[in-house]
């Protein structure tokens, strides 16, 4: 049994090394700002996870926050860009949407992550749907519902 545990420990160590290499590669991937047209490495960007408020209804309904869209701030212009994901679902795991895949693979690689809770969010002027098409899903290793 001891040799099996040692072998398993080696495998786990190798897995951790590979995951660290993947993160190192992924944080250098670039996202384009829709305002200025410049591409920026993920590690240079601030990610904002918005939340929206559900007002109380009746005796027990509402009065809670729901996770909204993700946005990133362009370091050159300080303008927010929206990251849209249109309901893509992994065929292997229907609960694993394209947005959840992105958060899992890239969320921790941003320079900073801000959880924003506002009942009346401030406006922003730029819309970026960079991740909505299949080419970008493939580029970032995201599986959309159309892939089978």
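Quick notes on this one:
- Dimensionless Rg over Rh [region 17-69; C-alpha; Kirkwood]: 1.27
- Segment residue 118-residue 41, length gained on full extension (0.36 nm per residue, minus Cα span): 25.0 nm
- Residue order, fewest to most beta carbons within 10 Å, for 97, 77: 77, 97
- Packing, as the average of other Cβ atoms within 10 Å across residues, places the peptides 54-66, 29-41 in the order 29-41, 54-66, highest first.
Bear in mind that the values in this text are calculations on the coordinates, not laboratory data. These numbers come from a predicted model, not from an experiment. Positions of Cβ are backbone-derived with ideal geometry, glycine not excepted, and every protein chain shown enters the neighbour counts.
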